[in-house]
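The values are calculated or read from the model by the stated rules, or taken from the named source; none is laboratory data. These figures come from a predicted structure and were not determined experimentally. FYI the Cβ positions are ideal-geometry reconstructions off the backbone, even for glycines, and counts take in every protein chain you see. Areas reflect the complete protein model, heavy atoms only, side chains present, ligands, DNA and RNA absent. Shrake-Rupley method; radii C 1.70, N 1.55, O 1.52, S 1.80 Å.
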Amino acid sequence: MRTLKSYVCGRWHEAASGFAPLVNPSTEEILAQASSDGIDFGAVLDHARETGGPELRSLTFAQRGALLKDMSKVLRDHRDELLDLSRQNNGTTKPDGSFDVDGASGTLAYYAALSKSLGDRRALVEGEGVQLARTEGFWAQHVLVPRRGVAVHVNAFNFPAWGFAEKAACALLAGMPVITKPATATALTTERCIELIVAAGILPEGALQLIVGGTGDLLDRLGPHDVLAFTGSADTARKLRHRPHLQKANTRVNVEADSLNAAVLAPDVEADEASPAFGLFLQDVVREITQKAGQKCTAVRRLLVPADRIGAVQDALVARLGAVVTGDPAAEGVTMGPLATAQQLKDAVEGAAELQRTATLVHGTGRRIDGRGAAAGKGFFFGPTLLRAEDPRHAGAVHEREVFGPVATLLPYDASAVTAAEVVAQGGGILVTSVYSNDAGWVGEFLAGGGGAAGRVYLGSDASAGEAPGSGAALPQALHGGPGRAGGGEELGGLVGVKLYLQRVAVQGSKTLVNEVTGAGA
Ligand code: NAP
């Protein structure tokens, strides 16, 4: 049995007990085991704070960016191997695996490029300086400098490569050492990413450590200069937020959690497949339901369609979902893999049953199915599932329960932008709303009425049809995060994500000295 190792205090740690299995979700074969038993988390934090932190802070933004560039290259050079691990442990098809693996190398490369614009400096100047007295003898300038602590990253099971990389890119660029903890059930790909980066000798010692398995007492040892960035379910987020120690230490916490993302078809777009905007709506919605078997925080869960065309839209979606082949990604012709774990399958089946209290199944079974290329009764397969609830304002669990699988619900609405905004907002705060329209007036009304219910609004139109990557793509240039239930966090978005790991300081003194110290006005 292969045992995954943690990388802590400059060496690989193999536990002797407390193991959890990592399973191939297509075959249910056990691939490996993981545990963090025996790790001294106090020593791990000391190593980051005393070795990695000072090394990183001694570098400029541009020098740290060069490290990210090398990390990106090493992941790109081992792309095929990482895609294979993702298939084995996450059950991803090649395109689905690449969404994660190429997303990881791409995000690192993006932040490497961004670092060049930040230059050979160790403090970021923010805004203009301001005179505080009668003369320039007393002046203030805001700057951003690295926090002195450690960044602890707790990630979800669905993005073992991107989840690690998108957080690490921002923290390392800011100058904070990272302790990364993937979800145990799918840690295979993350472990290999770290192994490759460590073997290549890219980072200063202590800048990056890996925990496979539980966090032990790590979180109860975090202090006021540290950052905890969590991605996962809203339930776990709630437990972590309320940990007395984190509150007492006032550790900075960022949360990326559940999201009941919505796609809205506006009334100006006819259900005509010759319309580019409608074609984009269909393409995006089907991709969002089926990509990574719907196990994406940005996947669309609620589909708002004007009531007068709900039947035509339903028929078009059912036809496309009917062409999806669910099975073992290793088998010929499979276009959608299984759910990642037995627990995820159980949750999806229970969730689909709960949705059926207020919605009717119009495609799929809501239960486990056998997958192509997999033994009968084996594998965590769950086919594309479409439901329809007739009353969008009283759709119960449709607005409350994130079913983390290939599941979405049609909601007919009265074509008004005000209604659409109200219904979208019932999701309690989401990551992304996609709106399909060529009518700026209608979209403007929707935005003013409810745009703030999501962290990102993706506009699909005739003009964007050939370019838009799909509403589920969290690109590093644009904000990722959403209010309320989505966690209230902010990641990526260029410098927005880096600022999580920087401390804003108002430097006051004579203008000459302040500018010399901070580099302002240079
Ligand atoms: P999860 O069960 O909440 O677990 C997430 C992470 O938290 C895992 O690494 C898990 O470790 C760890 N964890 C759980 N309990 C913990 C505790 N008491 N102390 C410290 N760590 C703890 O979520 P998941 O099932 O992996 O992920 C699916 C969820 O993530 C979905 O709801 C999805 O919407 C959300 N998600 C959100 C985003 C976003 O950016 N907003 C992105 C991806 C996923 P173990 O595996 O070792 O238990």
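Stokes-Einstein diffusion of the chain at 4 °C, 1.567 mPa s viscosity, Kirkwood radius from Cα pairs, rounded to a whole number: 54 µm²/s. Return the percentage of antiparallel bridges among DSSP beta bridges fully within the chain, rounded to the nearest 5 %. Of all bridge pairs located within the chain, approximately 40 percent are antiparallel. Ligands, DNA and RNA left out, the accessible area of segment 261-476 computed with a 1.4 Å probe is 51% carbon and sulfur. Taking Cβ atoms as reference points and 15 Å as the exclusive limit, the residues near residue 8 contribute a net charge of -4, counting Lys and Arg as +1 and Asp and Glu as -1. Using just its DSSP H runs of length 4 or more, each adding -39500 (n - 2.57), the chain gives a mean residue ellipticity at 222 nm of -10500 deg cm²/dmol after division by all residues. Global size of segment 261-476: 16.5, 53 Å for Rg and Dmax (C-alpha atoms, Rg to one decimal, Dmax whole). Surface analysis of segment 113-249 yields an accessible area of 37 Å² per residue, using protein heavy atoms and a 1.4 Å probe. Were the residues from residue 508 through residue 440 laid out at 0.36 nm apart, the gain over their Cα-Cα distance would be 19.9 nm.
For segment 51-145, chymotrypsin sites (Phe, Trp or Tyr not before Pro) are listed when DSSP marks them as loop and at most 16 other Cβ atoms sit within 10 Å of their Cβ; the list is 138. Which whole-angstrom value gives the distance between the alpha carbon centres of segment 330-378 and segment 78-99? Centre-to-centre distance over Cα atoms comes out at 20 Å. Working from label points 7 Å from Cα in the Cα-to-Cβ sense, the residue 463 to residue 200 distance is 3.9 nm. Heavy-atom accessible surface of segment 261-476, averaged per residue, reaches 35 Å², computed with a 1.4 Å probe. The distance between label points at residue 346 and residue 117 comes to 4.7 nm (points 7 Å beyond Cα on the Cα→Cβ vector). Taking all protein chains into account, the per residue accessible area for segment 29-80 stands at 43 Å² (1.4 Å probe).
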